[in-house]
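J.: Shown below is the structure under consideration.
Only the coordinates and a few stated rules stand behind these numbers; no lab work does. None of these values were measured; they are calculated from a predicted model. We place every Cβ from the backbone using ideal geometry, glycine too, and count neighbours over all the protein chains shown.
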Amino acid sequence: MARVQDVVCGMTVDTDIASHKSNYKDRTYYFCSPGCKTAFEGEPEKYVSNPAGGRENRND
């Protein structure tokens, strides 16, 4: 079981069971919710250059 940080909200995501993921620049990013995935896909550079985007507890 691998755990990574959702770069949008900062939550920990289990990559083995994550259902929300996106590929960007040859890397796979995992998300806790569809809202975080959508936010990332709209502005990926914002989240790649500043993981967790300065946001806390997105309730999507």
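J.: If N is the number of residues in the chain, what value comes out of its Cα radius of gyration divided by 2.2 N^0.38 Å?
T.: 0.98
J.: Can you give the local net charge around ILE17? Use residues other than it whose beta-carbon is closer than 14 angstrom to its beta-carbon, Lys and Arg +1, Asp and Glu -1.
T.: Computed value for this residue: -1.
J.: Here's something else I'd like to know. With only Lys, Arg, Asp and Glu charged, each at its Cβ (+1 for the first two, -1 for the last two), find how big the charge dipole of the chain is about the Cα centre; round to the nearest 20 debye.
T.: 60
J.: Here is a further query. Taking amide hydrogens as modeled 1.01 Å from N in the peptide plane, which residues meet the under 5 Å criterion relative to MET11, leaving out close sequence neighbours?
T.: Close amide H contacts, sequence-distant or interchain: ASP6.
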